[in-house]
Structures are given as C-alpha cells and as structure tokens.
C-alpha cells in the first residue's frame, strides 16, 4: 500500500462494499438517505485522492500477486467518471427506491466496476467482473415482474457464458506467459476466448441482445446504474488488451449502425436508449481498435462523455415513467409544460448524444471519426458519420413524441428534488465539457495534439448535416412515428434455437430413450421367462421357429401351431431336475466359451 501525504490509497471498491454492508442497519428513513449521500461523496473523494503509479495488493503464492489497485492515467479517468456518475445515480435513487436490497445491489455494482478498472491482474479483474454480473442482476429482478424475471435469467446466462470464456482465456494466457498482469494478449485460443468474454460485456454484435432485453425491464433507478458500468468496463478492458486490432475497429462500425437502426424502430423509451448504448459503444470500440493515440483518446473520451449523457437520458426517461407510469412513445406527449426541468435536461442529453456542437458528445465523436480518417479507414469513418445522423433522428423522435406531441389526457408533475438535482448537475457537465473540452483533455490517457474540436470546417460540416437531418425528420415525420409492433432482434434466433433444443430433448431423445428402456425391459422379461423352465422354453422356441419356417406349407404349419399352443398352456409346468454331471458339463461349456471370447479379445486388442 502506498501513502500520499499520509493518506492511504485504498481500492475505492472497499468504500462501496463497506457501505453496502452497513446500509441495511439504517432502515428506510432520512438517516439512510443522508448516509447514502455521504457515502457517494466519500467514494468520489477516495478516487480523487488516488495518484498515478500507485498500487495496492498482496501475494497469494510466491510469484503470484493479486493487485487490487493499479492507478495510471487510463484507470484514473475511468475511476473519476464511475465515482462521479455513481454519486449522481445514488442521489437520484434516494427518494424513489424503497427497498434497501436494491440499493445494496447498486452499491455492489458500482464498487465492483471500480474494482475491475483498478485491478492490476487478470484474476482480480475476473473476481470483480463476476460480482458486477450478479449484483446488476438484482437491479433487474427488483422490478418483480414476470418479464423482468425472465429477462434476468437470459441476462445472467449471457454473462455466465462471457465469464467462462474470460476465465478460460485468462488461464490459457497465464499458462503460456506466466504473467497475470492485465495487458495485451498473444494470438491463440486464449486470445479468442478473452475477446469473446470481453465482447459479451461490450455488446459486440451478435453478443449484444442481453442489453436491450434487460435494461428496459430493470427498476427506474437500477437502469441508471446499469447503463453506466458493464459496457464501459468492457471497453476499458478492451483498451488494455486489444488496442490497435483492426477487426475490433470495424466491429465498432457495425455496432454503431446496427444499434442506431434498431433504436429508430423502438416504441419503448428505455429500449430505444438501450439500443443506443450498443451504437454509442461502437464509437468507443472503433477508437480502441484504431489504436493510435488520438483513436484511444477519442474512445476513452467518448466513454467519459457517453456515461454523462446516457445516464442523464435514463434519468430523464426514468422521471417520465415515474411521473406518468407510461414507457411507450405512443402513450406519451404534452410533457414539456408539465415537466419543464426534465424536458430541458433531456434536450441537453439528446443534443449531447447527437454530437451537436457545444455539447460534450460532439468533442469525442469528432475525435474518433478524425482518427479513422487519419488512418485511411474511410469506410469506418462513413459508418460512424451515418451513425451520427441516425442518432439525431432517434432523439428528435424521442424528445418530440415525449414532450412536444399534443396529448391533453396525460397527467404528470415534476419528480422529487433529489432526482432533479442529479439530472441538472449531469446536464451542466455535458454542456461544460462541450463548451470547454480542455476540462476533458487534461485527464485523457495521452496528450491531445493536432486535434481541434471546433475547427471551422468540421463545425460547419457537422451543423449542416444536423440541419438536413432535422429537416428530413419534420418533413417525413409520419415515417418516424412510433408504432406498437414488436421488432425482433438476433435473440429471436437464439430463442427459436433454444426452443428447438428443448423440443429435441423432450421428444426425439425421450422417444429413443423410452424405446431402449422398453427393449431392455422385454429382454430382461424374456430371460426371466426362460429361466422358469429352460427345457420347456426351448421347446416353445423350437415350435415357434418351426411355425415360422413351415408357414408356406399349410399342413405342417398347423401341426407346429397346435404344439405351440399346447406348450404355452403348460408352461412353465414342472421343471425337470438336472443331474449333477449334466450341470457340471454345462458349467464347463460356459467357461470354455468365456475363455474363447476372452482370448480372442486379447489377441484382437494386441
């Protein structure tokens, strides 16, 4: 453990884990709320006090050390934004979460995400990775609906698959290199397994379906936590292990377009936001895959900015659901005057995610696109630009049909003050970084050089593209109107395949098993029947064979049939006694047959 000015640098995960352990002792009143706010502040201070190049760990075995705190510029920027938005999510939750168990899950989730980004070795990372999966599951199941229960089961199955792949890759990597330090991985099976494990959490296509399936079914506060940590932790680990992998960069382009297309088709407001997590994480993945200093800076800057505006969007839509009880665009509208603060903060978040100049998303999106163009990845750059157009269309749709479309029947009022404060502070940060990006540049992993966010040509081009998109939306508004039909994703194939597998297990496999069981039962019954009187049974069998053989010759066939009927009536009858000599002879014959088989088998085996 390293001390800075007498203050120990402890893993910040410990603060939240201890806070979660003590929370149930405080009941559900004001004391609990004050405690949560103090805990959020302590967590933020704990991360802020950590200095680069400090570490904290202990040896488990000689030469095998688990590192629970490894601080450098990359882990610190992740720690700052996790602690910051974690505090906002805690503040947002204090008035609307009634059960301490849900808050415990949120604190464990936040703590484990911080534990993962500050982990200095793969095994420590894996421990926190799994805690993240199981603690976030509680945020889904606390909705206490059948849909959330089923979605939670699918969610955890995906993450168990990813966790197993990750662990397998870690073990193979350790066996090949003898190192457990988190870092680049050699090509091989371990490389593939690690990429799959990270890809599940990062929502690679087609490993993404757990995200839009589960996030809309989480609790209102739980969704705010969930939109932040899992995918961004995946991006962080990707930056540690697979920087500069071209295939990863193009996967980011696929994610960007795929997510935005499906977002445009959604009616459920939180499902629309969930697909945009897939799309926006695509920019981060692309930046990491490009691998240059500006690419990685852009990817990590977008992680920071995305966490701010995406958490704000989930807060705003959570506030709408809390106030109205409705979560579909077809049921909403007319909320601009009834919930003005929510509307303003949501508009700020929408402009931020759409990359409008003056808001934080513009800064980091431009950096990633610029990095792609510098490396000659023009197809990737076009995909990212098209993703921006689709994103703006999505959020014109979201904000218009939520707040401005006429709906005289809806009733709502502003949400409690803690929710409004959390939303307002987060919205302020989105604007502050957009207006003065140097606030972000100073904490990025690499020094920002040769990039000007507000270069005149880039800014004017972006504004022109956004204006044309807005004109297109309002001109073709009927095309983008929300609908109530269900949109199937790749998970449709997974579910069909799963049902087919279950049918195969329940029908063909069970039929074959029953057939084998019935056959064996009949064979066993035959042995029992034969053992009652082997002599009479042999005569019956001879008569049966004779009847079959002589069936074409009618007179002989009838004689065998009469003998067979007579023998069956008398069976088993009196069992004849066998002389001792005959018994010994039979035993010797059986032993001889056994020896012949054994010796033949032995010769064949050799």
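A few notes on this one:
- Region 52-84 - residue that is modelled with pLDDT under 90 and in a loop (DSSP other than H, G, I, E, B) and, of those, nearest to residue 175 (Cα to Cα): 63
- Residues in region 465-504 that are in a helix (DSSP H, G or I) and within 17 Å of residue 157 (Cβ to Cβ): 491, 492, 493, 494, 495, 496, 497, 498, 499, 500, 501, 502.
- Conditions (1) assigned by TED's automatic domain parsing to the domain that holds residue 319; (2) under 30 Å from residue 398 (Cβ atoms); (3) modelled with pLDDT under 90; number of the one not met by residue 430: (3)
- Failed item in (1) assigned to a helix (DSSP H, G or I); (2) surrounded by 12 or more Cβ atoms within 10 Å (Cβ to Cβ); (3) modelled with pLDDT under 65, with residue 602 passing the rest: (2)
- For region 232-243, the criterion of being surrounded by 24 or more Cβ atoms within 10 Å (Cβ to Cβ) and within 30 Å of residue 482 (Cα to Cα) is met by at least one residue.
- When region 268-297 is filtered for residues that are over 21 Å from residue 360 (Cα atoms) and either within 19 Å of the chain's Cα centre (by Cα) or not in a helix (DSSP H, G or I) (or both), the ones remaining, listed by number, are 268, 270, 271, 291, 292.
- Filter pass, residue 496 being surrounded by 10 or more Cβ atoms within 10 Å (Cβ to Cβ) and in contact (Cβ under 8 Å) with a residue 12 or more places away in the chain: no
- Just one of (1) within 30 Å of residue 238 (Cα to Cα); (2) in contact with a helix residue (DSSP H, G or I) (Cβ under 7 Å, 6 or more places away or on another chain); (3) not in a helix (DSSP H, G or I) fails for residue 336. It is (1).
The values are calculated or read from the model by the stated rules, or taken from the named source; none is laboratory data. In this text the structure is predicted, and so the values were computed from the model without any measurement. Cβ atoms come from the backbone with ideal geometry, glycine included; neighbour counts cover every protein chain shown.
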